[in-house]
Amino acid sequence: MTPGVATVHPDTTLSDAARTMIQFGISGLPVIDAAGELVGILTEGDLLRRAETGTERRRPRWLEFIVGPGRMAEEYVHAHGRKVEEVMTPDVITVAEEAPLQEVVRIMEERRIKRVPVVSEGKIVGIISRANLVQALARLAEEAPPSQVNDEAIRKAILAELDKQPWAPRSMVNVIVRNGVAELWGTILDEREREALRVLAENCPGVTKVRDHLVWVEPISGMVIESPEDVTRPNRA
């Protein structure tokens with residue numbers, strides 16, 4: 001996570017909040033009250049529909065009748081409000097410091113959000129963003145030690161992973177490994193399986209390269225299409 005998060009107060013003006021976002025190069029600001037309690041979050045999305053930029057929501061008369069005056073009044077405040085508390089999202093999704101990474105990713109996916117504040121005893125102690133997840137992935141990739149797995153162990157690992165995948169055409173695919181190079185042979189009935197099989201093999205420890213020899217048989221027409229790698233390989237017999 002990112003500690004030492006920039007924050008704003010409910011009575012902060014939107015212009016000051018926008019300048020803070022620009023200054024720190026961030027797209028979201030946690031909102032805290034006088035006691036330091038998290039009470040909301042202000043994001044770029046909250047600033048999209050604004051009267052100043054001419055982007056406030058406008059609806060046809062018939063749709064305004066369906067939406068109702070309450071919703072329209074709420075949208076007016078969101079487009080014309082001058083303080084953070086008038087525009088912010090009050091219902092903030094948070095996680096605890098000890099929350100596992102899987103939970104954070106699940107929350108981001110299900111809620112379709114880009115950042116999650118981290119709280120401890122009601123106080124914000126940091127924030128996890130999608131950028132933090134990318135940085136963690138890059139760091140783990142750099143720290144991964146080189147593998148010394150032999151070819152037979154690599155083949156068994158690939159086949160074991162194939163057995164776990166419900167989409168994998170296990171009975172129609174064979175794997176040969178030579179000097180860390182995994183060769184995929186066999187038949188697939190959906191072209192999308194080709195890329196998935198390649199990624200699966202690449203992710204097995206010890207694999208240095210993947211060669212695709214899979215033949216695609218189109219189920220409806222029965223047309224047989226060779227692997228693009230085999231079609232373009234020179235000096236074929």
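Some observations on this one:
- Scanning region 46-74 for residues that are open to solvent by 90 Å² or more (accessible area, probe 1.4 Å) and in contact with a helix residue (DSSP H, G or I) (Cβ under 8 Å, 6 or more places away or on another chain), we see that the one that is farthest from S15 (Cα to Cα) is R57.
- Subset of region 151-173 that is surrounded by 14 or more Cβ atoms within 10 Å (Cβ to Cβ) and outside any helix (DSSP H, G or I) - its residue that is nearest to the chain's Cα centre (by Cα): A168
- Cβ-Cβ distances below 8 Å connect the following pairs, each with a first residue in region 86-98 that is under 16 Å from R112 (Cα atoms), a second residue that is in a loop (DSSP other than H, G, I, E, B), and a separation of six or more residues or different chains: I93/I113.
- Only residues that are modelled with pLDDT of 90 or more and open to solvent by 70 Å² or more (accessible area, probe 1.4 Å) were counted across region 2-21, and they come to 3.
- Candidates are the residues of region 75-88 that are at pLDDT below 90 and surrounded by 15 or more Cβ atoms within 10 Å (Cβ to Cβ); the one that is nearest to T13 (Cα to Cα) is G81.
- Condition met for V95 (within 28 Å of the chain's Cα centre (by Cα) and either open to solvent by 60 Å² or more (accessible area, probe 1.4 Å) or farther than 18 Å from V5 by Cα (or both)): no
- Every pair of residues 6+ apart whose Cβ atoms lie under 9 Å, when the first sits in region 23-37 and is at positive phi while the second is surrounded by fewer than 13 Cβ atoms within 10 Å (Cβ to Cβ) and charged (D, E, K, R): G36/K123
- If the condition is being open to solvent by 80 Å² or more (accessible area, probe 1.4 Å) and under 26 Å from the mean Cα position of the chain (by Cα), then region 174-201 contributes R192, E195.
- Residue satisfying all of: in region 101-127; touching a Gly at 6+ places or on another chain (Cβ under 8 Å) and open to solvent by 40 Å² or more (accessible area, probe 1.4 Å); farthest from L137 (Cα to Cα) among these: K123
The values are calculated or read from the model by the stated rules, or taken from the named source; none is laboratory data. Being a predicted model, the structure only gives us computed values, none of them experimental. Here Cβ is always computed from backbone atoms with ideal geometry, including for glycine, and neighbour counts include all displayed protein chains. Heavy atoms of the whole protein, side chains included, go into the accessibility calculation; ligands, DNA and RNA do not. Shrake-Rupley method; radii C 1.70, N 1.55, O 1.52, S 1.80 Å.
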